[in-house]
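The values are calculated or read from the model by the stated rules, or taken from the named source; none is laboratory data. No experiment lies behind these values; they were computed from the predicted model shown. Cβ placement follows ideal geometry from the backbone for every residue including glycine, while neighbour counts extend to all protein chains displayed.
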Amino acid sequence: MVRKPLTLDMLWFHAVSRLKAEVQQTYLSYLWWVLEPAFLIIAFYFVFEVLLQRGGPGFIYNLLVGVVVWTWFANAVSAASGSIFMASGLINQVNIDKALFPLSVVLTHTIKQAIVFGLLLVFLAFATGLQSSWSFLPALLITELLLILSVASLAAALLPFLPDLQYVISLLIRFFMFCSGVFFTVDMIDKRYQEYFLLNPMANLIDQYRAILLRGESPSWFSLFIICVCSLLIFWLAMTLIHRFAALYPRLAIR
Amino acid sequence: MSNQSGPLLSLQNVSVRYKKSRSLFKTDYYHALRDVSFDINRGDSVGVLGRNGSGKSTLLRVLAGIIDADGGQVVKGDISCALLALQVGFDPQLNGYVNAVLSGMLLGLPREKIQHRMEQIIEFSELGDAIYDPIKVYSAGMRARLGFSIAVNLDPDVLLIDEVLGVGDAEFRAKSNAALRQRILSDHTVVLVSHQPATVKQLCNRAVWIENGVTYMQGPVDEVVNAYESYMAHAGKRD
């Protein structure tokens with residue numbers, strides 16, 4: 001049957017409406033967007049700078065960048081991965097492009113994170129001063145968005161077949177939070193492992209954000225290119241799967 | 001007026017089965033539809049009759065394109081708009097207004113056009129300011145009213161209706177029946193799934209009777225409904 005293709009207008013309208021509804025459900029509404037990463041930052045700062053005395057100079061800036069970059073990825077991926085699975089009620093009622101669900105979730109988290117990123121930049125501008133290398137930021141943001149879209153869509157496409165995946169995904173996200181250098185920098189780990197460590201795309205991206213925002217360096221275009229190409233391939237695969245299984249997802253919900 | 005290119009929708013020996021058990025080694029199937037065949041022409045108003053569990057809802061989902069048939073064929077003619085089932089609870093967290101707009105977008109209508117028709121939709125649904133409340137706080141009747149109002153006012157090529165005419169108070173029921181009859185008279189295509197023969201008789205020109213996932217009988221509404229009613233009367237006596 002004719003399945004209307006997803007329009008950008010619909011995606012935008014869906015995402016913004018959901019954001020508004022979400023905000024109305026809590027007392028602190030928009031504040032949570034900032035409070036959530038703030039708490040993570042405070043926790044890491046307390047553990048590493050105060051308790052373990054391992055912070056070192058500039059720790060707080062590295063930590064800020066790491067947490068803000070990481071929470072965008074982690075929150076978007078963990079929320080989007082179950083999005084088709086959780087929409088089982090709706091997809092049994094209407095013939096809808098299932099790609100809407102993960103894409104809309106990624107979009108809502110991107111809008112939220114845009115504000116957090118804005119605050120981070122304002123803070124850094126005052127604390128460390130503007131640097132010309134900040135102009136590379138859009139390239140990094142686009143790369144991270146593509147990475148998020150690919151991982152989130154692939155997880156969303158597969159999870160209805162294997163509901164157990166939701167546990168695997170939340171475990172993996174936790175694992176990668178510790179292995180992506182959210183609260184430490186690359187030079188703190190043993191020289192032998194640095195090369196391998198940077199093969200993890202999130203570790204690589206976090207390091208590159210720090211490079212352009214804090215160290216005044218240019219990004220490694222080669223790694224950005226590789227991450228973009230791989231992300232696009234995975235995203236394409238995920239979209240193909242979602243559209244291939246479009247009429248199967250409603251049945252899976254019934255089992 | 002119509003019929004230049006055959007039926008709008010044609011089901012040929014359609015079957016649908018669901019997996020019953022989730023075990024690695026053995027799969028049991030539940031056959032919701034075994035062998036269903038009928039055509040829907042433009043301007044038709046088809047009533048689908050059947051007892052509970054006869055496969056009516058599955059049939060509607062096949063017609064709406066939500067699930068594919070496992071066997072047989074679903075041939076669609078030139079349908080520019082998607083099909084719309086009633087009771088579209090798009091997202092319970094979102095308010096009625098947003099749900100209505102999203103439903104319209106699903107049919108491929110641009111947002112401005114839908115917002116144009118929102119006044120009509122709100123008025124018909126009699127929801128008033130409740131349209132700005134999240135759907136999760138709606139009563140079943142409010143949901144049905146909104147769903148019906150959206151479906152009727154957005155004019156999908158084929159309107160699929162699943163047993164909602166019984167919901168709502170008598171006044172709204174009369175109003176929705178009238179609105180529906182008006183659509184049918186103006187050459188709109190409607191598929192009405194119901195286990196109430198009276199409703200089908202009142203609104204449809206053709207009827208299909210599904211029993212155990214098989215098209216048991218189809219034809220002019222009076223013939224099918226009369227046969228169905230006398231069968232049900234017998235079945236009632238036997239029980």
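Filter the stretch B:144-162 for residues that are in a loop (DSSP other than H, G, I, E, B) and surrounded by 24 or more Cβ atoms within 10 Å (Cβ to Cβ) and give the result. Within the stretch B:144-162, just B:Pro156 meets the criteria. Only residues in the stretch B:111-127 that are under 19 Å from A:His14 (Cβ atoms) count as the first member; pair them with residues that are surrounded by fewer than 16 Cβ atoms within 10 Å (Cβ to Cβ), Cβ under 8 angstrom, at least 6 apart or cross-chain, and list the lot. The qualifying pairs are B:Arg111/A:Asp9. The single residue among A:Ala15, A:Ala43 that is out of contact with any helix residue (DSSP H, G or I) (no Cβ under 7 Å at 6 or more places or on another chain) and either modelled with pLDDT of 90 or more or more than 14 Å from chain B (Cβ to nearest Cβ) (or both) turns out to be A:Ala43. One residue is enough: does the stretch A:210-220 have a residue meeting the conditions in contact with a Leu (Cβ under 7 Å, 6 or more places away or on another chain) and aliphatic (A, V, I, L, M)? Yes, the stretch A:210-220 contains at least one residue that is in contact with a Leu (Cβ under 7 Å, 6 or more places away or on another chain) and aliphatic (A, V, I, L, M). Residues in the stretch A:214-227 that are buried (at least 19 other Cβ atoms within 10 Å of the Cβ) and modelled with pLDDT of 95 or more: A:Leu224, A:Ile227. Does B:Ala170 satisfy the criteria of being modelled with pLDDT of 80 or more and among the small types (Gly, Ala, Ser)? Answer is no for this residue.
Against the criterion of being touching a helix residue (DSSP H, G or I) at 6+ places or on another chain (Cβ under 9 Å) and either aromatic (Phe, Trp, Tyr) or modelled with pLDDT of 90 or more (or both), B:Ala207 qualifies.
Contact map, the stretch B:54-78: first residue within 9 Å of another protein chain (Cβ to nearest Cβ) and closer than 16 Å to B:Ser10 by Cβ, second residue buried (at least 23 other Cβ atoms within 10 Å of the Cβ) and of a type in the set (S, T, N, Q), Cβ cut-off under 7 Å, separation 6 or more or different chains; pairs are B:Ala64/A:Asn95; B:Gly65/A:Asn95. Of the strands (runs of 3 or more DSSP E) that lie entirely inside the stretch B:1-100, those containing 2 or more residues that are at pLDDT 85 or above and within 22 Å of B:Val225 (Cβ to Cβ) span B:29-40, B:45-49.
For the stretch A:80-119, the tally of residues that are under 22 Å from A:Leu35 (Cβ atoms) and in contact with a Pro (Cβ under 9 Å, 6 or more places away or on another chain) stands at 3. Candidates in the stretch B:97-143 are the residues that are crowded, with 16+ Cβ neighbours inside 10 Å and touching a Pro at 6+ places or on another chain (Cβ under 8 Å); of these, the one that is farthest from the other protein chains (Cβ to nearest Cβ) is B:Ile135. Going by the structure shown, is B:Ala174 in a helix (DSSP H, G or I), surrounded by fewer than 17 Cβ atoms within 10 Å (Cβ to Cβ) and in contact with a helix residue (DSSP H, G or I) (Cβ under 6 Å, 6 or more places away or on another chain)? No; evaluated as a whole, the condition is false for this residue.
Could you tell me whether any residue of the stretch A:186-207 is surrounded by 17 or more Cβ atoms within 10 Å (Cβ to Cβ), under 19 Å from the mean Cα position of the chain (by Cα), within 22 Å of A:Met86 (Cα to Cα) and of a type outside the set (Lys, Arg)? Scanning the stretch A:186-207, I find no residue that is surrounded by 17 or more Cβ atoms within 10 Å (Cβ to Cβ), under 19 Å from the mean Cα position of the chain (by Cα), within 22 Å of A:Met86 (Cα to Cα) and of a type outside the set (Lys, Arg), so the answer is no.
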